[in-house]
Amino acid sequence: MSTKKERILIIGAGGQIGVELTLALRKIYGKENVIASDLKDENYLLTGTGPFMHIDAMNKSGLQQTVQKEKITQIYLLAAVLSAVGEKNPLMAWNINMQTLLNVLEIAREEKLTKIYWPSSIAVFGPTSPKQNCPQQTIVEPTTVYGISKYAGESWCEYYHEKYGVDVRSMRYPGLISYKSAPGGGTTDYAIDIFHQALKTKSYDCFLNEDTYLPMMYMDDGIRATIELMEAPATKIKNHRSYNLAAMSFSPKEIAAEIQKHIPDFAINYNPDFRQAIAESWPQSIDDKEARADWDWKPAFDLARMTEDMLNNVKVEK
Ligand SMILES: NC(=O)c1ccc[n+]([C@@H]2O[C@H](COP(=O)([O-])OP(=O)(O)OC[C@H]3O[C@@H](n4cnc5c(N)ncnc54)[C@H](O)[C@@H]3O)[C@@H](O)[C@H]2O)c1
């Protein structure tokens, strides 16, 4: 861990990843040094755990004033429009995903911040990328506005690192599965909804076909990966665009079979919608050997362990 006193601002702290990352960073840096912020009101899961502010990351001068006033040294930028929502309003998704990143990169340069974190996604890959064990460097031709914005964002991160020395770090998350905060409108959200419905009604209507394999990761691994990347000495970070990251790959049929080991009468139906085409444009599995080699990444959760933990922790709404 860094010995310098860090002051961390998390933008988009009320979202699926932001809530858990905020709680984890508060344990490391102290609650008063980790400021949660969001466009929305404070997520109830963060109430009483540390400072919260309303921030619109589209407003650069407002954001910069907060960074100066709060003596912020690091920013985690999690605000974004995700894949499924983005396809419904492409220009809005492009605008928000690019402008928030450019605002944060500019502030990092001007205020000489020590580190920036900005996640990319496996959505950067497209139909022409390899489907199996998709490598770090390969053909990258995304077909969703979300993927296009993430790939452009990776180039901006590398540009700010090369040109201005900004220490911005990034990884391409797979679909993240969690039980605390609700997912924000991605194509992999089915792998969360399925647990809620399995516990509530013992049946699930899936918006993807049974054999649609996608790269996935349990949130515990995702949060640990994020913190390990950010804590790694700068000399270990050799990729200044965004690291491939992987843990498991499964299809709706496979996760349903795993749930049936615990709930034998659970049933699944398949009614694919527009998200099927998004899922089919992405790789089925990812090669993350550079993350493993450079900063010792290793996942802990496979499908069986993740399923058990989800079934034990998902709270069923009455
Ligand atoms: N969840 C996943 O499976 C996944 C996978 C790959 C990449 N990612 C990336 O990780 C990041 C976080 O994802 P998430 O799933 O937590 O998203 P989310 O949609 O759950 O949360 C995003 C948060 O950002 C906030 N926000 C939106 N616009 C804002 C603005 N202008 N200013 C301030 N806050 C704003 C929203 O209110 C929301 O609380 C995103 O960059 C996303 O692309 C997520």
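The values are calculated or read from the model by the stated rules, or taken from the named source; none is laboratory data. A quick note: this is a predicted structure, and the numbers were derived from the prediction, not measured. All Cβ positions, even for glycine, are placed from backbone atoms using ideal geometry, and neighbour counts span all protein chains on display. Only protein heavy atoms, including side chains, enter the accessible area calculation; ligands, DNA and RNA are left aside. Shrake-Rupley method; radii C 1.70, N 1.55, O 1.52, S 1.80 Å.
Excluding same-chain neighbours fewer than eight residues apart, the aspartates and glutamates reachable from LYS40 by a Cα-Cα span under 13 Å are ASP56. Looking at the chain, the DSSP beta bridges with both ends there are about 10 percent antiparallel. Between the range 124-181 and the range 233-283, the C-alpha centres lie 16 angstrom from each other.
Seen from LEU25, the other residues with C-beta closer than 13 Å to its C-beta sum to a net charge of +1, counting Lys and Arg as +1 and Asp and Glu as -1.
Computed from point charges on the beta carbon alone (+1 for Lys and Arg, -1 for Asp and Glu), the dipole magnitude for the range 238-301 about its Cα centre is near 160 Debye. Is the range 24-116 best put as rounded, prolate or oblate by its Cα gyration tensor, with a ≥ b ≥ c the root eigenvalues, rounded for a/c under 1.5, and otherwise prolate when a/b is larger than b/c, oblate when not? Oblate is the answer for the range 24-116, as a/c is 1.5 or above yet b/c matches or exceeds a/b. Extension gain for the segment ALA24 to THR235, taken as residue separation times 0.36 nm less the Cα-Cα distance, is 73.5 nm to one decimal. As a calculated quantity, the FRET efficiency between HIS262 and TYR44 at R0 = 25 Å, using C-beta atoms, amounts to about 0.35.
Taking only the C-alpha atoms of the chain, the Rg (one decimal) and the largest Cα-Cα distance, Dmax (whole number), read 19.0, 58 Å. Shape call for the range 250-318 from the C-alpha gyration tensor, a ≥ b ≥ c root eigenvalues: rounded (a/c under 1.5), prolate (a/b greater than b/c) or oblate? Here the range 250-318 falls in the oblate category. Share of carbon and sulfur in the accessible area of the range 192-308 stands at 49%, probe radius 1.4 Å.
What shape does the range 1-50 have by the C-alpha gyration tensor, where a ≥ b ≥ c are the square roots of the eigenvalues, rounded means a/c under 1.5, and otherwise prolate means a/b greater than b/c and oblate the rest? Prolate is the answer for the range 1-50, as a/c is 1.5 or above and a/b outweighs b/c. A 1.4 Å probe run over the protein chains yields, for the chain, 42 Å² of accessible area per residue, whole-number rounding. Taken as Cα centroids, the range 84-122 and the range 1-59 sit 17 Å apart, rounded to the nearest whole angstrom.
Once C-alpha pairs closer than 8 Å and six or more residues apart are averaged by separation and normalised to the residue number of the chain, the relative contact order reads 18 percent. Label separation (THR201 vs MET92): 2.7 nm, computed from points 7 Å beyond Cα along the C-beta direction. Of the residues SER155, THR100, GLY126, the one whose Cα sits farthest towards the positive end of the charge dipole of the range 60-195 is THR100 (charges of +1 on Lys and Arg Cβ, -1 on Asp and Glu Cβ, taken about the Cα centre). Charged side chains reduced to their Cβ positions (Lys and Arg at +1, Asp and Glu at -1) give the range 1-68 a dipole of some 320 debye around its Cα centre. Give the lysines reachable from LYS236 as a straight Cα distance under 25 Å; neighbours fewer than 8 places away on the same chain don't count. Output for LYS236: LYS4, LYS5, LYS27, LYS112, LYS115, LYS150, LYS163, LYS289, LYS298. Relative to the longest principal axis of the chain, what angle (0 to 90°, nearest 10) does the C-alpha long axis of helix 90-111 take? Helix 90-111 sits roughly 30 degrees off the main axis of the chain. Axis of helix 60-69 versus longest Cα principal axis of the chain: the two differ by about 70°, to the nearest ten degrees.
In this Cβ point-charge picture (+1 for Lys and Arg, -1 for Asp and Glu), the chain has a dipole of about 860 debye about its Cα centre.
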